[in-house]
Amino acid sequence: MKHLIESARRQVPRTDRRRLSVLSAMVALCMTGTVIAADAGHSPARQWWSPGDGAMLPAKPEYANGFGRFALVNTDGPIDTRKHPFFEPLGINGRACVTCHQPSDAMSISVETIQQRWRETQGADPLFAAVDGMNCPHLPPEKPESHSLLLERGLIRVFLPWPPKAADGSAVKPEFDIEVVRDPTGCNLHSEYGLYSENPTISVYRRPRPVINMRYVTASKFGVSNFIGKNGTLAAINPDTGKPVNMNLMADAREATVRTQAASAASGHLQAARALTPAELDAIEKFEMQLYGAQIESSGAGRLDEAGGPQALGPMAMANGRDGLLGNNLSNYVFPIGEGWYDLPDGKDADESARNAFRESVARGHDAFFYRTFWIKDSMHINSVGLGNPIKRTCATCHGMHMTAMDTANGWMDLGTTNLPWALEEPANPWNKRKAQMPLFKVTCHADQPPHPFLGRVIYTQDPGRALISGKCDDVGAIVIQQFRGLSARAPYFSNGSAASLREVVDYYDRRYNIQYSEQEKQDLVNFLSVL
Amino acid sequence: MKIQKIINHLAVITTFAAAGSALAAKPGDRLSFISCPIVRDTASVPCWLTEYDGELYYMGIQTDVSAPWQPPYLGHKVLVEATVSDKPRICGGIVLEPINSTVMPELDDSCNTMLPAEDKYQIDFNPRPPGPSSGRLAFDRPPPNAPAEPAELPDHQTFEITFDFDRSISFRHPGVMMRIVNYAQAVNAQTIEVTGRRGATLLSTGETITEGAAIAQRRAEEVASLLRGVGLKANVSMKWSDTPMDADGVEDWKNRSVTVVVSK
């Protein structure tokens, strides 16, 4: 408990420390699983949602988190989850989709929730199933160490065949060789599960992505054609319509649509013995496409859905917003926040003054995101798509999609989160008792290929990302950008969970691009991200 | 063989020395050379320069993906094929226009010069600031394949696809590939012939550089497989020549190409 409050404390913006005691109390409440009494008029929040629980999912449920409250909006109204394939355990391990996509956690799952669940069930929850809730299925399931990546970084094992298989089942010819350099989970060298086994498989470890606002995530209105904008190769096709898709699903864009995704999730995560029926796929798709989510209340800034407040904030803004729109411009904006939170007067009392100060910080954070330039260098699929290397631009250059800050289409890029030298690594020295947690692979691009333009012919990576699907040298470590929504409800961040807090996200960028943010800029950015 | 190479090299160096910067390039001169790009920051967007034969040249500025000219990469040399213009210097460099530039594939750590902004270098023709654009993108794209009536479409059409040095399909190509696909679908094309070429460039030093031996085939195969991959019904045939194209120092970049002939 102390540890969790500590981590909540780390998340709390410094300007807001005096609210900490309230927050600790809130965290304490969450931890005991008690339903948080919502403000009058708001639906009560449930914390852990068990598969097959059968409750109604209200039309606009709200859930407390370390920065305030997150809310979902079901535009179809309250959802009856009885017999609903997203909520029912469909396979042998007792999991449902909701196991890893929890309403309280922006339909992802935070590492705090995972730890809480471990304590409450002594590790017996289906979340910890051997198939991918362990570092590797062969480990002893009762030991927390066997689940260390899930418990410490919120990571699920994603295992993919090597060489990759195309959508039609044919083998993709990779442009590189891959070797296992380090195997702390024991999975990549395992005789049954590993790269050198009978069915050569690569295991990487990734965060569950938030299943909200999928209308935006799957929008195909800008930058989508038969050919991928980033490299001119063939775009993935929606098997139901024959049309190209925007390739923004999953860290590596391996799924074309939410339907193909659901089918794979059922057989993979849920270990369903049978394929989902068309009716089940319809129900999952329908549910996902009407579901919106965003932070709705900020412990610093107050209600985010006030009439006349910033247009981009709150889940109704997502439900009503335009998808597939390029926002890195002064006509649409990525996050239109209007003028209302700039230059606010002193409040009537201390509370209002503090709230106004926080709102101004959010507005400054928005400006840091949208206008603050820095040199973006050696980042594959942004420097390589016609802008040049380096470019003097802003966060919104990569994060350009209106309302979500995703890339409009085929949004994979190498930010350095998984590739050396920028990926988070344990310092190796005689005084550090901790061991590296993540696998490490060595990628050697074939001699008949041009080298990767920024990393050369030999690349060390914790997760080859898109390259595990495309087999392309240039795609090593390229990860599809996630949406920025509900961030407060779902730490840690980045696909490999390497940023424990929003502050660590900002610090990562500061190091990666030598941005030289001031302390104030960093706090403003954190406050801004926390209200999305 | 090696010795011959060294002699060639020496010959190049001597010509170089003899030419010296006394014979600075004049407006209208064509220049083809390989050198490091240089980035100069300004109060607005950075400009891209390069040095050749003791002179500083201006290539262009950072804009966005819609731009007709796109900046190269630090960390790589750049092959420049351009004409010297009579415009006033920009960012301190003699303006090269028109210009074609392509990133050389191998990495080169020595290309790492970034110069700070100085008040005397201002960019006042900036179609896109270093942040959000004012509209959508900086440059208008040609209107997307104007819907011509099928009856007026010719029986066959030829498309030229050009490439970066020693590279095949890239981010540059979705536009032209879609034009081919749209035309082939509109006329219900029966045959598509793909011809791959291996380029060469005559440098201003007198040396000719050629692309790798397998590049013509690779280009032809990639273009053909993309056209088959989108599900065109036409019979796609391909050929290529490993013999490098003749290079004469005039727009040699056009030789790094594939020609696609689409017929009804």
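The values are calculated or read from the model by the stated rules, or taken from the named source; none is laboratory data. Every value quoted in this text rests on a predicted model; they were computed, and no experiment measured them. Quick reminder, even Gly has a Cβ in these numbers, built from the backbone with ideal geometry, and neighbours come from all protein chains shown. Just the protein is used for accessible areas: all its heavy atoms, side chains included, with ligands, DNA and RNA removed. Shrake-Rupley method; radii C 1.70, N 1.55, O 1.52, S 1.80 Å.
So here's what we get for this one:
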| quantity | calculated |
| --- | --- |
| Computed P(r) (all Cα pairs; the stretch B:150-263; 5 Å bins; percent) | 2, 13, 22, 22, 16, 11, 7, 4, 2, 1, 0 |
| Residue-normalised accessible area of chain B, given per residue in Å² at a 1.4 Å probe | 50 Å² |
| Pairs of Cα atoms farther than 24 Å apart, the stretch A:319-436, % | 48 percent |
| Accessible-area composition of the protein assembly as shown, carbon plus sulfur, in percent [1.4 Å probe] | 55 percent |
| Over chain B, relative contact order from alpha-carbon pairs under 8 Å, at least 6 apart, % | 19 percent |
| Residue A:282 versus residue A:59: modelled label distance in nm, points set 7 Å from Cα along the beta carbon direction | 2.4 nm |
| Rg(Cα) / (2.2 N^0.38 Å) computed for the stretch A:459-526, rounded to two decimals | 1.29 |
| Distance from the stretch A:46-104 to the stretch A:113-174 (C-alpha centre basis), Å | 21 Å |
| Candidate residues B:167, A:274: accessible-area rank, largest first, probe 1.4 Å | A:274, B:167 |
| Surface/4 estimate of mean projected area, convex hull on alpha-carbon atoms of chain B, nm² | 16.9 nm² |
| Helix-only CD estimate at 222 nm, as mean residue ellipticity for the protein assembly as shown, using -39500 (n - 2.57) per DSSP H run (n ≥ 4) | -6500 deg cm²/dmol |
| Accessible area buried between chains B and A, both sides summed, probe 1.4 Å, in Å² to nearest 100 | 3300 Å² |
| Cα coordinate range in the stretch A:395-456, projected on the principal axes (Å, largest first) | 48, 37, 16 |
| Accessible surface of residue B:162 - all protein chains present, 1.4 Å probe, nearest 10 Å² | 50 Å² |
| Restricting the stretch A:68-151 to GluC sites (Glu not before Pro) in coil, as DSSP defines it, with at most 15 other Cβ within 10 Å | A:142 |
| Reduction of at least 40 Å² in accessible surface, 1.4 Å probe, comparing all protein chains with the chain by itself, residues of the stretch B:222-237 | B:226, B:230 |
| Kirkwood hydrodynamic radius over Cα pairs of chain A, then Stokes diffusion coefficient at 25 °C and 0.890 mPa s, in µm²/s | 104 µm²/s |
| Proportion of all alpha-carbon pairs of the stretch A:308-387 beyond 21 Å (%) | 46 percent |
| Neighbourhood net charge (14 Å Cβ-Cβ; Lys/Arg +1, Asp/Glu -1) for residue B:248 | -3 |
